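What follows draws every value from the coordinates through simple rules; no lab data is involved. None of the values given here were measured: they were computed from a predicted structure. Here Cβ is always computed from backbone atoms with ideal geometry, including for glycine, and neighbour counts include all displayed protein chains.
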Amino acid sequence: MNPARTLFLLLVALLVFCFGLAASLAPRFQALENSVHQSDNIFNLLLGDASRIFANSSFVEADAYYHSGYYPTIFDNKAAFQTAHIAEDTGAVASHNQGEETSFMGPPRDWIDAFGRNFIPNRHTHLDEGGADDLSGSKEVREILPWLKLSAELDPENVKTYTVTAFWLRTRLNQVAEAELVLREGLRHNPDNAQLLFELGRIYFENYHNSARARNIWEAALRSWARQAPGVPQSKRLEKTNENFDDRFLFEQLQTYLAQLEEKAGNLDAAIARWEQAKLASPNPQDLQKHIDELKQKHTGSDGVSPASF
Amino acid sequence: MNNIFAVAGIVIKELYRRKDFYVLFILTVVICLVMASVNIYNDNEIIRYIKSICLLLIWVSSLVIAITTTARQIPAEREQRTLLPLLAKPLSRTQLIFGKFLGCWLACGLVLVCFYAFFGALAASREHHWPLLNYFQAAFLHWMTLGVVIALTLLGSLVFAAPSSNSTICFVAVAAILCVGRYLDAVALTRPEPVRSILWTIYYAIPHLEIPFDMRNLIVHDWPLIGWKFIGLDALYSLAYATVFLVAACLVFRRKAVN
């Protein structure tokens with residue numbers, strides 16, 4: 001056989017083999033790459049679903065730091081600490097706490113217990129209200145951040161961790177840019193989450209004073225809130241039960257903030273419509289009704305339209 | 001007394017010839033520095049989590065050093081056949097036990113000085129204040145607690161056959177006391193008889209090592225000083241338990257064949 005022809009045929013065979021190998025390996029590499037992206041989080045890779053338990057422990061540790069170590073163990077009465085105070089103080093979650101938070105230890109059981117209490121934190125304090133020595137500034141609350149960061153890394157899908165972290169960064173530590181980054185990180189893991197969008201809107205409204213951007217974000221949050229329970233009527237979602245407190249609270253807050261925004265912009269019609277919506281979810285609808293009446297009066301005074309027209 | 005100090009001196013020299021302390025100290029330093037290098041929302045003044053980790057590592061390291069050093073003292077003398085020549089000198093068995101105890105205790109004291117000096121430097125690097133008296137209280141009670149652990153391990157080294165089994169049993173016992181010792185009475189209240197009585201007996205019988213251990217929270221969260229009266233009482237409490245274990249060790253050693 002002609003050696004040149006043999007060489008040519010060998011080259012063609014090699015080309016076909018290479019093409020076939022590439023076509024066979026490409027989808028496998030793609031699948032492998034996807035699986036690597038899915039297990040980006042080292043904790044998830046190592047711990048699996050158990051990472052959520054550790055994330056919760058880390059969140060509780062942050063709350064213990066908020067109390068400067070004065071915190072119940074599994075052997076103590078935890079009724080007053082069912083909801084972490086760091087989350088409760090943000091005003092964004094339902095509180096399940098009952099009883100007196102200052103005396104979860106109860107009276108000493110014996111002399112060893114009484115003696116041992118001299119060597120452990122024995123007074124209820126909050127880090128942003130003076131801390132253990134009653135002298136610390138509100139910025140001492142920064143000490144809870146490592147545990148919140150760890151909690152977020154262990155369970156990136158827990159929205160509460162991001163909102164609580166952003167709240168303390170924004171309100172006590174004045175680190176608004178960091179708070180925004182935390183919320184955006186949360187949105188990366190929980191796209192389109194209404195709670196995170198609400199908090200992000202607050203940053204634009206309260207800190208950046210960018211009303212237009214805040215309105216867009218809050219309206220997106222409302223749309224997301226509506227999409228969270230497709231097929232469930234709004235009236236059902238706003239029924240006053242303990243189970244749906246967070247849902248109602250978020251709706252009320254979104255409508256309230258949007259109403260304030262409209263009032264600030266002078267759009268009284270839109271503001272009244274928002275307040276009416278907020279009233280549906282509010283625990284104190286009478287107060288909102290008073291405000292609505294005032295707005296209607298003001299509106300009537302300004303353009304002569306009678307309140308009955310609303 | 002001179003004999004006791006002579007034996008103690010040898011134990012201290014042994015500690016600084018061995019690598020245990022250096023390894024644990026360097027490990028503690030490295031872990032703490034790595035933790036301190038973590039960027040947490042660009043805030044460079046966060047310190048309490050580092051203090052907490054550092055104190056925990058100090059406790060673990062000191063317990064490891066105390067138990068492993070003490071557990072091998074008497075068995076090593078026996079294995080190397082130096083126990084008989086040692087007792088042939090004008091040195092009683094009681095003096096040997098007290099010498100070994102004192103040596104291990106003082107060696108642990110030196111170890112604690114190094115560890116707490118590092119802890120103080122680490123805390124001061126971010127807190128910009130130095131509550132020396134608080135650190136002294138913590139280190140002092142820590143040292144007193146190690147005295148109880150050392151006496152217990154010394155007694156164990158005369159009762160159990162091998163240093164490894166003695167170390168393991170001591171570690172388990174100490175860890176159990178540190179973790180649940182404080183709550184045994186609360187657990188007892190919820191149990192029926194005779195478990196309740198057994199738990200109460202254990203609760204009152206064990207040395208409550210967790211009292212100084214739990215004090216870490218006061219240091220981490222900058223609580224004010226503890227009353228010196230309570231520090232003194234806890235020191236006496238620890239000394240009483242250490243004495244009980246040492247007397248028991250002397251009694252066991254007096255009846256034990258050394259060859």
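What is the order of A:Cys18, B:Cys54, fewest Cβ neighbours within 10 Å to most? Before the final figure, lay out each step's value.
On the way: A:Cys18 10, B:Cys54 26.
If I rank by nearby Cβ atoms, fewest first, I get A:Cys18, B:Cys54.
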Using the Karplus curve 6.51 cos²θ - 1.76 cosθ + 1.60 with θ = phi - 60°, what ³J(HN,Hα) values do you get for each residue of region B:182-191, in whole Hz, with x for Gly and Pro?
5, 9, 4, 5, 5, 5, 4, 4, 8, 9
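Using just the alpha carbons, could you tell me how many Å³ per residue the convex hull of the protein assembly as shown encloses?
Values: hull volume 170.3 nm³, N = 569.
Convex hull volume per residue, Cα atoms: 299 Å³.
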By how many degrees, between 0 and 90 and to the nearest 10, does the Cα long axis of helix B:228-255 differ from the longest principal axis of chain B?
30
Counting Lys and Arg as +1 and Asp and Glu as -1, what is the net charge of the other residues whose Cβ lies under 15 Å from the Cβ of B:Thr28?
+2
Return the lysines within reach of A:Lys279: Cα separation strictly under 17 angstrom, same-chain partners fewer than 8 residues apart disregarded; answer none if there are no such residues.
A:Lys236, A:Lys240, A:Lys290, A:Lys296
Fraction in percent of alpha-carbon pairs per bin - 20 Å, chain A:
24, 44, 20, 8, 3, 0
Sequence-distant or interchain residues sharing an amide H contact under 5 Å with A:Ser68, placed H: which?
A:Leu127
Quote the convex hull volume per residue of region B:133-259, based on C-alpha atoms, as a whole number of Å³.
134
Residue separation between B:Lys229 and B:Leu110 times 0.36 nm, minus their alpha-carbon distance, gives in nm 40.3 nm
Chain B: spread of alpha-carbon positions along the three principal axes, whole Å, largest first, is 65, 52, 33
Could you name the lysines whose alpha carbon sits less than 27 Å from that of B:Lys100, not counting residues in the same chain fewer than 8 places away?
B:Lys13, B:Lys19, B:Lys89, B:Lys256
Does anyone have the angle between helix A:50-66 and the longest principal axis of chain A? Alpha-carbon axes, 0 to 90°, nearest 10?
40
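Count, for each residue of B:38-50, the Cβ atoms from other chains sitting within 10 Å of its Cβ, then give me the mean as a whole number. Intermediate results must be reported in sequence, preceding the final value.
Details: counts 3, 1, 9, 15, 4, 9, 1, 4, 7, 3, 10, 10, 1.
Per residue, the average neighbour count from other chains is 6.
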Using each residue's phi in region A:15-30, evaluate 6.51 cos²θ - 1.76 cosθ + 1.60 at θ = phi - 60° and report the 3J(HN,Hα) Karplus result to the nearest Hz, with x for Gly and Pro.
4, 4, 4, 5, 4, x, 4, 5, 5, 7, 7, 3, x, 5, 5, 5
Take the Cα of B:Thr94, step 7 Å along the line toward its Cβ, and report every residue of region B:222-259 whose backbone nitrogen sits under 11 Å from that point.
B:247, B:250-251
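Using the 10 angstrom Cβ neighbour count as an exposure proxy, how do B:Trp200, A:Trp147 rank, fewest first?
Working: B:Trp200 16, A:Trp147 25.
The most exposed by this proxy come first: B:Trp200, A:Trp147.
Tell me, what is the FRET efficiency for A:Phe115 and B:Ser37 to the nearest 0.05, using R0 = 45 angstrom and their Cβ-Cβ distance as r?
Working from the Cβ atoms, E equals 0.70.
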Among A:Lys149, A:Lys298, A:Lys279, which one shows the highest mean-square fluctuation when chain A is modelled as a Gaussian network with alpha-carbon springs under 10 Å?
A:Lys298
Environment charge of B:Phe115, counting only residues whose C-beta is closer than 15 Å and scoring Lys/Arg +1, Asp/Glu -1
+1
